[in-house]
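Notes follow once the structure below has been shown.
The values are calculated or read from the model by the stated rules, or taken from the named source; none is laboratory data. Note that the structure is predicted; figures quoted are calculated from it, not measured. We place every Cβ from the backbone using ideal geometry, glycine too, and count neighbours over all the protein chains shown. Surface accessibility is based on the protein's heavy atoms, side chains included, excluding ligands, DNA and RNA. Shrake-Rupley method; radii C 1.70, N 1.55, O 1.52, S 1.80 Å.
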Amino acid sequence: MDTAVKIRDLQVSYSNETVLRCEKLDLFNDDFVSIVGPNGGGKTTLLKAILGLIEPQSGSIELFGMSVREGKFKVGYIPQFFNYDDNFPVTIMDVVLMAKVSSGIWGFISRKEKKQALKILSDLGLKGLENRRISELSGGQRQRVLIARAMATEPQMLMLDEPTSNADSAAAEGIMELLKELNKDMMVVLVSHDIGVVSKYVNRVVCVNRDVVVHPTSALNGISINNLYDSEMVVIRHDRQCCENKEFK
Amino acid sequence: MIDDLYNLYLQYQILFQAIFAGILASVSLGIIGTYIVSRRISYVSGAISHCVFGGVGAGIFIQNYIGWQWFDPIYGAIISALVSALIIGAVTASGKNRDDAVIGAMWAVGMSVGIVFIDITPGYFNIASYLFGDILLITGKDLLLIIVVDIFSVLAALMFYRRLMAISFDSEFAAIRGVNIRLYYILLLCLVALVTVVLVRIVGIIMVIALLTMPAAMASGFVNRLWHMMVISIIINIVFVISGLILSYHLALSSSAIIIIILGAFYLLVAFFSRRRVNTAAN
């Protein structure tokens, strides 16, 4: 099993306050991982550190055996949708082709790249929507557009920030099913506060509350979740699906 | 009789020259205005235009007090616009500062520096044409500047279209895909600075922000793609500059004020009807 993400002794601080510590974290090539934790606990910070968007104070991060600078090109990042301006005039096709933004000085898109983008859109159930404005789509469809953009970067790992937060429960299930399908070919890492929805799909859970702790899904129980969130949580177990399909290291 | 005709010709010559300048300026205005509106940095263009006044003041001081007659205040305007763009770019790109406070401070300090320079320069200077603009006073040198800025804007739009679009839509994603977002942001701010200097000649420091944002904001309601927004806002600019000029000429009122007022009236109408359209669609 190849290590895709390897973190050692990581420390991230904002103005002298340590917001994230991670002694050791290894994620593997075929993992389906969920990063959970309370708001402000450092989930997004961990994600951004892995993507090279913030510089850690100390420690090291390796992506696919490379530095973050080189390895980040193998990561398909899918941010939270509400960051976008609904009035921004872009079509679905424009958004997907942003994956190829740094190819060529004039930035024209080749016919081959367009064809590839159309194929990805139809694979993700968005056929025929390529000339629509992104604001015309539903929450679940928008999330799929962002997944399509990430797929167009030809990634080895998908990294999603709260992919189900803007979708209704049926659309959320649909997105999780899609990710399960994509996980056959690549690693999937997602940040979610919604342990209920994600826990039956993922094989490992990374708990982030200033410190980073890794659990196999079956080890998640009421006590560890209460410790993580520092308060009583209602825990719904999905024992039926919650088999451990990977050896916990 | 012949004198009257000749005067009329002269008057219209000025008007035609102004219309020509307006059409040329609309090109860079539409392109850069589109980026300003879609990236929501209109307050940055406001700050740069007020810093231009500092440069104009310095230009007047250098020309009249130091005695470098060749130093037209427009050079001071160009230098101060570019310097303020670089400062804003450096300060806001790090994300560690209070961007709005820094930009607000530059806005007022730039203006104040200009006033002090004019105070310490002996003599009287008509600063109204810088504050409120006067497209009828456009010179050959101004036209040359407008053409140069057009060339830069069109080149940037062609060469960096995808990158600037990706950065404006989602700078984080663009950064992960290896685009140097800081470099392109500063490039965009420098283009904003040059367009601002052009606009100062046409509508004046105080009204720059309106002409940079309203046409592009109007266009954004009707288009699905960024380059369509550029084309439509160029057309809107041309229509309003020409109609504003002709109307102000007939009413004998300030051209810049009339351009902005009719533009503002249409902007409100478009905003009202597009909101109603959205509401009806929602019902």
Which whole-number value in Å² is the accessible area per residue of chain B, probe 1.4 Å?
-> 47
Could you state the per residue volume, in Å³, of the convex hull enclosing the Cα atoms of chain B?
-> 154
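Stretch A:Lys127-A:Asn29 to full length: gain in nm at 0.36 nm per residue minus the Cα-Cα span? If you can, show how the numbers build up before the last one.
Details: separation 98, 0.36 × 98 = 35.28 nm, distance 2.95 nm.
Answer, rounded to one decimal: 32.3 nm.
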Using protein heavy atoms only (no ligands, DNA or RNA), what is the total accessible area buried between A and B, 1.4 Å probe, nearest 100 Å²?
-> 3000
So which residues in the range A:95-134 end up with at least 30 square angstrom less accessible surface once the other protein chains are there, compared with the chain by itself, probe 1.4 angstrom?
-> A:Met98, A:Val101, A:Ser102, A:Ile105, A:Trp106, A:Gly107, A:Arg133
Enter the Cα centre distance for the pair the range B:156-174 and the range A:106-181, rounded to the nearest angstrom.
-> 19
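So, R0 is 60 Å and r is the distance between the beta-carbons of B:Ile262 and A:Ser15; what FRET efficiency does that work out to, to 0.05?
0.75
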Average partner chain C-beta neighbours within 10 Å, per residue of B:158-165?
-> 5
Roughly what % of DSSP beta bridges within the protein assembly as shown run antiparallel, to the nearest 5?
-> 55
Between A:Gln57 and A:Arg210, what is the spin-label point distance in nm, taking each point 7 Å from the Cα along the Cα→C-beta axis?
-> 1.3
Taking the Cα centre of the protein assembly as shown as origin, work out the dipole magnitude from +1 charges on Lys and Arg Cβ and -1 charges on Asp and Glu Cβ, in debye rounded to 20.
-> 900
For B:Phe273 and B:Ile14, extending 7 Å from Cα along the Cα-Cβ vector and measuring point to point gives, in nm, a value of 3.6
Using 7 Å Cα-to-Cβ label points, what is the A:Lys119/B:Phe125 separation (nm, one decimal)?
-> 6.4
Rank by packing, highest mean first: peptides A:179-192, B:102-115, with packing defined as the count of other Cβ atoms within 10 Å averaged across residues.
-> A:179-192, B:102-115
For chain B, with all protein chains present and a 1.4 Å probe, just round the carbon and sulfur fraction of the accessible area to a whole percent.
-> 70
Residue span B:Lys141 to B:Asp100: 0.36 nm per residue of separation minus Cα-Cα distance leaves a gain in nm of 11.3 nm
What is the local net charge at B:Gly46, summed over the other residues whose Cβ is closer than 13 Å to its Cβ (Lys, Arg +1; Asp, Glu -1)?
-> 0
Whole-number D in µm²/s for the protein assembly as shown (Stokes-Einstein; Kirkwood sum over Cα pairs; 25 °C, 0.890 mPa s) = 94
